[in-house]
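Below is one structure, written out as structure tokens, with a few remarks after it.
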Amino acid sequence: MIPDISLFWQGPEQVSWLWQGEAETQHGDWDALVDEKQQRNQNDISARVYFPHHWFTSLSVAVPGNARRVPEGVLRFAAEEQLAQDIDSLHMIALARAEGGQVPVLVLDRERLSLVQATLAEANMQMVQAFDAGWFQVPADARADLIVDCDEQSLLCRSGWVLHQVHPSGFSQWYDFWRSNQAAKEQDQPLQVKLVSRDANGTARQLKTVLETHGEEVEWQVTAHTTLSDWNNLCRQTRAAGNLMTGPFSIRKSRSNLGLWLPGAVAASLAVVIWSGVTWTETRRMEQQAEATWRASEQVFRQIFGPEKRIQRPLMVREVDNALVAQNQNQDGPRASVLEALTALSNSHAEGLLLEDFRYQLNRQEMLFTLKQAPENEGDAFGRFEQTKVQLESVGYEVEYSASAERDSARGRYRAVKGGAS
């Protein structure tokens, strides 16, 4: 991932920035950068941030065993004795794998890093990478035992993965201490020192004299300050080694979005389950209703066309429709139908009677049916048969019936013709 912007953050009043794809580094305060971001109509952007080295403590800690990867808890425990601050208030990263029982470690105040991260977040900038700028101001050189980057007010002294910021007036004392700890070199063997300065006068010349007095071999280069563009190129070459955004500051996109989509996903899943259950229930109910309707229609169909008639259900519907049209197309009066007859019978037969058999002749508009009184129904069955006759006559039917009391129940056999048709 290539960040949209790179910052050198020395404080809100002193910020340098370089937009991705541009060559010119700009300088100003934080408000000026926010204004420019708004003018560019930039919304959410990612940022790579470099911090001055004096914010950090660089040290090497001893770790047990020969493991090349060391857990953060072990690092914190091993570094605690070398740090004056509360270890829980510090953010710590390993700069490289353990080698020879030593691990180079970079330490920063956790609250300071959190404050910068929150400041950028207020302007919709996400700090995706963060580094100690000192490692980019003084690039590694495999040929040199010590690299000294010289300014008039401070010196950055790099030996391998250890970087120290020293005042020029205290360099001699620091150098003597550092030189005495170089066990890998014979004390009388000269070291390779690379001296880098902005000019060939002043402090740099004095340092060269001091180093040569100690018998060291000095390579002196006069060059301009490295820029944010140089730092970005070096960051890509080293694959972002030394990135501070680890542990509690690591960028976990999937987890950061978890709180947003998880409730919606759970709700959606629950809705799908409920919808599926309701749909299944409704579908099942409709299937049962359809099956019952087909059975009833098939009984009526066979009554019309005969019990030996066999036909598929879709064709059955079409056949009934054709039969109705053929029978009724030449009639002058209202068209009769089996549905009308069934409706009349349903509204007319007395309560407590059950329809046992039914036939309908469309051309004669004649119903032939049998009603019976179930054994569990008590009362005057013959009265109910008479009541059914009266009700059918009231809606235009001429009705004849005969009633009989049989062993299991009373039955009434009817013939009803609409309007007295013959």
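Hey, among Val162, Val166, Val107, which residue is touching a Phe, Trp or Tyr at 6+ places or on another chain (Cβ under 7 Å) and surrounded by fewer than 19 Cβ atoms within 10 Å (Cβ to Cβ)?
Details: Val162 fails: touching a Phe, Trp or Tyr at 6+ places or on another chain (Cβ under 7 Å); Val107 fails: surrounded by fewer than 19 Cβ atoms within 10 Å (Cβ to Cβ).
Of the residues listed, the single one that is touching a Phe, Trp or Tyr at 6+ places or on another chain (Cβ under 7 Å) and surrounded by fewer than 19 Cβ atoms within 10 Å (Cβ to Cβ) is Val166.
Filter the range 163-177 for residues that are among the hydrophobic types (A, V, I, L, M, F, W, C) and touching a Leu at 6+ places or on another chain (Cβ under 7 Å); which is nearest to Val210 (Cα to Cα)?
Of the residues in the range 163-177, the ones among the hydrophobic types (A, V, I, L, M, F, W, C) are 163, 166, 171, 174, 177.
Checking the rest, the ones that are also touching a Leu at 6+ places or on another chain (Cβ under 7 Å) come to 163, 166, 171.
On the way: Leu163: 20, Val166: 15, Phe171: 9 Å.
That would be Phe171.
Specify which of the listed residues (Arg284, Arg310, Arg295) is surrounded by fewer than 16 Cβ atoms within 10 Å (Cβ to Cβ) and at pLDDT 80 or above.
On the way: Arg310 fails: at pLDDT 80 or above; Arg295 fails: at pLDDT 80 or above.
Just a single option satisfies the conditions, and that option is Arg284.
Given the criteria exposed (fewer than 14 other Cβ atoms within 10 Å of the Cβ) and either of a type outside the set (Asp, Glu) or more than 25 Å from Leu7 (Cβ to Cβ) (or both), does Gly134 qualify? Before the answer, list the steps.
Details: exposed (fewer than 14 other Cβ atoms within 10 Å of the Cβ): no; either of a type outside the set (Asp, Glu) or more than 25 Å from Leu7 (Cβ to Cβ) (or both): yes.
Here the answer is no, as Gly134 does not meet what is asked.
Which of the numbered conditions does Arg239 fail, given that it passes all the others? Conditions: (1) surrounded by 10 or more Cβ atoms within 10 Å (Cβ to Cβ); (2) within 44 Å of the chain's Cα centre (by Cα).
(1)
Here is a yes/no grid of residues against (1) at pLDDT 90 or above; (2) surrounded by 13 or more Cβ atoms within 10 Å (Cβ to Cβ):
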residue: Ala98; (1), (2): no, yes
residue: Leu113; (1), (2): yes, yes
residue: Ile147; (1), (2): yes, yes
residue: Cys150; (1), (2): yes, yes
residue: Ala183; (1), (2): no, no
residue: Gln189; (1), (2): no, no
residue: Val193; (1), (2): yes, yes
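Could you grab me the full set of residues in the range 389-422 that are within 15 Å of Met367 (Cβ to Cβ), surrounded by 15 or more Cβ atoms within 10 Å (Cβ to Cβ) and of a type outside the set (D, E, K, R)?
Once the filter is applied, which keeps residues that are within 15 Å of Met367 (Cβ to Cβ), surrounded by 15 or more Cβ atoms within 10 Å (Cβ to Cβ) and of a type outside the set (D, E, K, R), the range 389-422 yields Gln391, Leu392, Tyr397, Val399, Tyr401, Gly412, Tyr414, Ala416, Val417.
From the set of residues in the range 372-416 that are β-branched (Val, Ile, Thr) and part of a helix (DSSP H, G or I), which is farthest from Gly352 (Cα to Cα)? Full working, then the answer.
The initial filter retains those residues of the range 372-416 that are β-branched (Val, Ile, Thr), namely 388, 390, 395, 399.
Add one more test, that the residue is part of a helix (DSSP H, G or I), and what stays is 388, 390.
Working: Thr388: 11, Val390: 16 Å.
So the residue we want is Val390.
Given the criteria at pLDDT 90 or above, aromatic (Phe, Trp, Tyr) and assigned to a helix (DSSP H, G or I), does Phe77 qualify? Break it down stepwise before answering.
Numbers: at pLDDT 90 or above: no; aromatic (Phe, Trp, Tyr): yes; assigned to a helix (DSSP H, G or I): yes.
So Phe77 fails the test.
Pairs please, first residue from the range 94-123 and on the phi > 0 side of the Ramachandran plot, second anywhere and in a strand (DSSP E or B) and aliphatic (A, V, I, L, M), Cβ atoms under 8 Å, 6+ apart in sequence or on different chains.
Matching pairs, first to second residue: Gly101/Ala62.
Listed here are the residues, each with its yes/no results for (1) at pLDDT 90 or above; (2) touching a His at 6+ places or on another chain (Cβ under 8 Å); (3) over 23 Å from Thr343 (Cβ atoms); (4) in the same structural domain as Leu353 (by TED's automatic domain parsing).
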residue: Gln373; (1), (2), (3), (4): no, no, no, yes
residue: Ala381; (1), (2), (3), (4): no, no, yes, yes
residue: Glu386; (1), (2), (3), (4): yes, no, no, yes
residue: Ser404; (1), (2), (3), (4): no, no, yes, yes
residue: Arg407; (1), (2), (3), (4): no, no, yes, yes
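Here is a list of conditions, (1) of a type in the set (Phe, Trp, Tyr); (2) in contact (Cβ under 8 Å) with a residue 40 or more places away in the chain; (3) part of a helix (DSSP H, G or I), and Phe369 meets all of them except one; can you say which number that is?
(3)
Here's the yes/no breakdown for (1) part of a helix (DSSP H, G or I); (2) surrounded by 10 or more Cβ atoms within 10 Å (Cβ to Cβ); (3) modelled with pLDDT under 90:
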{"residue": "Ser229", "(1), (2), (3)": "yes, yes, no"}
{"residue": "Leu234", "(1), (2), (3)": "yes, yes, no"}
{"residue": "Leu244", "(1), (2), (3)": "no, yes, no"}
{"residue": "Ser254", "(1), (2), (3)": "yes, no, yes"}
{"residue": "Ser269", "(1), (2), (3)": "yes, yes, yes"}
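Could you please find all residues in the range 77-96 being of a type outside the set (Gly, Ala, Ser) and buried (at least 16 other Cβ atoms within 10 Å of the Cβ)? Don't jump to the end; show me each part of the working.
Here is the first cut: in the range 77-96, the residues of a type outside the set (Gly, Ala, Ser) are 77, 80-83, 85-88, 90-93, 95.
The answer is Leu83, Leu90, His91, Met92, Ile93, Leu95.
The values are calculated or read from the model by the stated rules, or taken from the named source; none is laboratory data. The model shown is predicted, which means the values in this text are computed figures rather than measured ones. No Cβ is skipped: glycine too gets one built from the backbone with ideal geometry, and neighbour counts run over all protein chains shown.
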